[in-house]
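Report on the following structure.
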Amino acid sequence: MEGGQTTPMRPAPREADAGLVQALRGGDEAAFADLVTRLTPAMLAVAAGQVPSRAVAEEVVQETWLAVLTGLDRFEGRSSLRTWVFAILLNVARSRGARESRTIPFSSAFPPEDVGPTVDPARFRGPDQEWSGHWASPPRGWDLPESALLSSEVRVLLRAALDALPPRQRAVVHLRDVQGLEAGEVCALLGLESGNQRVLLHRGRARLRQVLEDYVLEDRVDEARG
Amino acid sequence: MNQGQDMNCDELVEVVTDFLDDALDAATRRRFTEHLAECDGCDAYVGQLRTTIGLTGTLRADDLQPDLRDRLLTAFRDWKAHPSPR
Ligand SMILES: [Zn+2]
């Protein structure tokens, strides 16, 4: 066994992959269904950044799964199965996007939604004020039990906010925070420099935090009104 | 730019992901942790960002639209019935 895992949420990758690949080669439909359920939402999110419509993104995902199945015998376990699936996805999406002439290179110059402060500057004290650059309206504690944050209402809200992120932020947040891939894997998959990968990730996370904050505070206002 | 100076809140909130990914240089990391230890606002912000990341991770279990799932499973059965396209 190698050294300890860095993130507690991550399942042991390679051994689990080997068993899964064997199950898939053997035609185990339940194993396939499980993998499809886990990966497809992130695959759609990543594909959507490369092609013109949701319908085309779904076609890209279907084509990818077929390529995965027919290519299983070539999978050697040099990367994780998940990374391999996403690499195929991006190849399919890019060739499809090129055909539809709408590829957005991940490495291209940052569009306006990917630059500027991630927290409203009005929340900090201005340059003329004492304690300039410090919070003027600091975040208030959420003080919610974990069960409230895990409610289906919050999940629906968070899912909608994730879907509404600019495509590149959405893809990076899906791969890093939903799928739990390592930074290096995401950079390799999307052709991103590591600093840019973190910028996109941070912007997406900051937006999602803001959505949750708005929800929690609004909820409290409602309570105060009775 | 602010090398050696105290970190301000508006600078800290922009580098939380760099901090979590262990991508800050040693001096900036020290300014970050020193500020965080003394600032309730930033402590709350970082805590909420961590909570957000954790919640985002739970979305993985969300349902896939049934029609797409069905199409993919049908494709799997076809592949199983005719394993090699060549
Ligand atoms: Zn602060």
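In table form, for the structure just shown:
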| item | result |
| --- | --- |
| Pairs, first within 11 Å of B:Val16 (Cα to Cα) in the stretch B:27-38, second near the ligand (Cβ under 10 Å from one of its atoms) and in a helix (DSSP H, G or I), C-beta under 8 Å, six or more apart | B:Phe32/B:Leu12; B:Leu36/B:Leu12; B:Leu36/B:Cys42; B:Leu36/B:Asp43; B:Leu36/B:Val46 |
| Test for B:Asp43: is it part of a helix (DSSP H, G or I), within 16 Å of the ligand (Cβ to nearest atom) and in contact with a helix residue (DSSP H, G or I) (Cβ under 9 Å, 6 or more places away or on another chain) | yes |
| Counted residues, the stretch B:11-40 - those being under 20 Å from the mean Cα position of the chain (by Cα) and in a helix (DSSP H, G or I) | 11 |
| Residue within the stretch A:165-173 that is at the interface with chain B (Cβ under 9 Å from one of its Cβ atoms), out of contact with any strand residue (DSSP E or B) (no Cβ under 8 Å at 6 or more places or on another chain) and buried (at least 18 other Cβ atoms within 10 Å of the Cβ) present | yes |
| Boolean, A:Arg207 is within 9 Å of chain B (Cβ to nearest Cβ) and of a type outside the set (Val, Ile, Thr) | no |
| Selection within the stretch B:33-53 - closer than 16 Å to A:Thr118 by Cβ and of a type outside the set (Gly, Ala, Ser) | B:Cys42, B:Tyr45, B:Val46, B:Gln48, B:Leu49, B:Arg50, B:Thr52, B:Ile53 |
| Any hit, the stretch A:119-136, residues being touching a residue at least 60 places away in the same chain (Cβ under 8 Å) and assigned by TED's automatic domain parsing to the domain that holds A:Ala188 | yes |
| Leading residue by the ranking (surrounded by the fewest Cβ atoms within 10 Å (Cβ to Cβ)) among those in the stretch A:41-56 that are under 16 Å from the mean Cα position of the chain (by Cα) and within 11 Å of chain B (Cβ to nearest Cβ) | A:Leu44 |
| Selected residue [in contact with a helix residue (DSSP H, G or I) (Cβ under 8 Å, 6 or more places away or on another chain) and touching a residue at least 60 places away in the same chain (Cβ under 8 Å)] from A:Gly180, A:Gly184 | A:Gly180 |
| Test: residue in the stretch A:104-123 that is under 15 Å from the mean Cα position of the chain (by Cα), of a type outside the set (A, V, I, L, M) and away from the ligand (no atom under 16 Å from the Cβ) | yes |
| Segments classed as helices (runs of 4 or more DSSP H), wholly inside the stretch A:1-108, with at least 3 members that are touching a strand residue (DSSP E or B) at 6+ places or on another chain (Cβ under 7 Å) and either at pLDDT 75 or above or not assigned by TED's automatic domain parsing to the domain that holds A:Asn196 (or both) | none |
| Search result, residues across the stretch A:187-197 that are touching a residue at least 12 places away in the same chain (Cβ under 8 Å) and more than 27 Å from A:Thr37 (Cα to Cα) | A:Glu193, A:Asn196 |
| Number of positions in the stretch B:20-38 that are away from the ligand (no atom under 12 Å from the Cβ) and facing chain A (nearest Cβ under 10 Å) | 4 |
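The values are calculated or read from the model by the stated rules, or taken from the named source; none is laboratory data. Given the structure is predicted, the values throughout are model-derived calculations rather than measurements. Using ideal geometry, Cβ is built from the backbone for each residue, glycine included, and neighbour counts are taken over all protein chains shown.
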